[in-house]
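> My structure is below; once you've seen it, I'll send some questions.
The values are calculated or read from the model by the stated rules, or taken from the named source; none is laboratory data. Being a predicted model, the structure only gives us computed values, none of them experimental. Cβ placement follows ideal geometry from the backbone for every residue including glycine, while neighbour counts extend to all protein chains displayed.
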Amino acid sequence: MRDFDLTLDIETIPTTDKAVQEEIKNSIAPPGNYKSEEAIEKWWSTKGVTAAEDKVRKTALDGSLGEVITIAWAFGDNPVNGIQRTHKDSEGIFLTRAFSMIADDMATHVKNYELDRRLRIIGHNILKFDIPFLWKRCVINEVFAPSILSLCASPRQNEFLFDTQVEWMGSNRVDNLISCDKLCRIFKIDSPKTDKIDGSKVYDHWVQKKYDDILAYCKRDVEAERAVAERILNYA
């Protein structure tokens with residue numbers, strides 16, 4: 001792995017904006033084939049609350065609404081670093097701190113870096129998720145990332161990204177996806193997921209303020225994504 005290869009992973013949560021949560025919940029309605037008051041009332045009592053909660057939770061996948069709470073990264077083969085947001089931190093301040101730490105790491109680990117050579121950012125599904133999500137959250141929070149990192153460039157400027165999802169499957173179409181966990185099992189690389197935490201459990205850990213567990217999981221993601229990328233690049 002080149003020292004100016006930056007392996008990156010983020011963890012996200014649903015919107016914390018109460019007004020947006022309420023708007024989403026108010027948009028929930030019973031299926032159109034429920035006509036009687038009794039059927040509608042029963043739907044609300046048995047499925048309505050869950051349906052509203054599920055729709056709010058899905059905003060964790062939408063950079064326009066969800067929020068970043070964890071960022072982990074590694075330059076080349078150097079140790080993985082990361083930063084975890086807590087309930088006390090605003091997202092804007094958290095992002096500013098994260099980019100400052102990444103810039104410091106680059107100064108430490110990346111030798112003889114030429115200003116006309118941009119970093120190659122590596123990750124799994126970063127082209128479709130991590131980079132666009134980060135970019136949108138920076139725009140919304142009015143945060144400028146160090147330009148040399150290219151982290152907040154338009155997601156259309158992706159020639160310096162290496163997405164293991166795209167490299168392995170040939171595209172990131174929704175009908176042609178593979179998880180990082182599955183790639184790890186294919187290559188016999190330790191998976192970052194455990195019985196205690198995976199991507200679907202990050203928000204619950206956030207609610208319970210299990211910050212260390214979230215950061216450790218995000219760092220394991222970076223370790224796994226770097227190993228997967230290295231395997232693919234070795235035989236490219």
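> Among the residues of the range 160-210, which ones are over 21 Å from LEU61 (Cα atoms) and touching an Asp or Glu at 6+ places or on another chain (Cβ under 6 Å)?
Matches in the range 160-210: SER191 only.
Residue-by-condition table, conditions (1) under 17 Å from the mean Cα position of the chain (by Cα); (2) in the same structural domain as VAL222 (by TED's automatic domain parsing):
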| residue | (1), (2) |
| --- | --- |
| GLY32 | no, no |
| TRP43 | no, no |
| VAL49 | no, no |
| GLU53 | no, no |
| ILE71 | yes, yes |
| ASP77 | no, yes |
| SER90 | no, yes |
| MET106 | no, yes |
| LYS111 | no, yes |
